[in-house]
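The values are calculated or read from the model by the stated rules, or taken from the named source; none is laboratory data. Predicted model only: the values in this text are computed from it and were never measured. Cβ sites come from the backbone with ideal geometry, for glycine too, and all protein chains shown count toward neighbours.
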Amino acid sequence: MVAATKISMADISRHKRYEAELSSNGLTRKNTVGQAVEHYLDRVGIRDNGLRWTAFSRGVKLDHKRTLDEITDAENEWTVMPEVSAGAR
C-alpha cells in the first residue's frame, strides 16, 4: 500500500469539492482525519452547526484520530457528512 499524496473531499451531494495536496494546502501527513475534515469545512464554507462531521471512504467510516500518513491511495477520496442519530435535537 502506498501512502496518499492528496486527498479529495466532497459533500454527499458532490456540490462542494476540495482537493488537498498534502504538505502544500495547510495539511501535512501528521494531521488527523478529524483535522482534515475541519480544514475541508473551513475551505468550502460549510458551518458545522454544532454537529460532528465525519469522513467516509469507499463506504467505510474513517477514524477521526487516524493520521493522514496512514491513508492509502485507495482511500484518498472522501465523502464528508454530519453524523446524525435518531431523536437528536
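Some notes on this structure:
- Sub-6 Å Cβ pairs linking a first residue in segment 7-23 that is under 17 Å from E38 (Cβ atoms) to a second residue that is assigned to a strand (DSSP E or B) and aromatic (F, W, Y), at least 6 apart or interchain, are M9/Y18; M9/W78, ordered by first then second residue.
- Segments classed as strands (runs of 3 or more DSSP E), wholly inside the chain, with at least 2 members that are of a type in the set (A, V, I, L, M): 6-11, 77-82
- Note on segment 1-27: among residues that are hydroxyl-bearing (S, T, Y) and more than 14 Å from T72 (Cα to Cα), the one that is modelled with the lowest pLDDT is S24.
So that you can scan it fast, the table gives a plain yes or no per residue for (1) farther than 19 Å from K65 by Cβ; (2) out of contact with any Lys or Arg (no Cβ under 8 Å at 6 or more places or on another chain); (3) surrounded by fewer than 14 Cβ atoms within 10 Å (Cβ to Cβ):
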| site | (1), (2), (3) |
| --- | --- |
| R14 | yes, yes, yes |
| E21 | yes, no, yes |
| T32 | no, no, no |
| Q35 | no, yes, no |
| R43 | yes, yes, no |
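- Within segment 39-67, tally of residues that are over 18 Å from R17 (Cβ atoms) and at pLDDT 90 or above: 9
- Qualifying residue in segment 47-62 (condition: charged (D, E, K, R) and touching a Lys or Arg at 6+ places or on another chain (Cβ under 6 Å)): no
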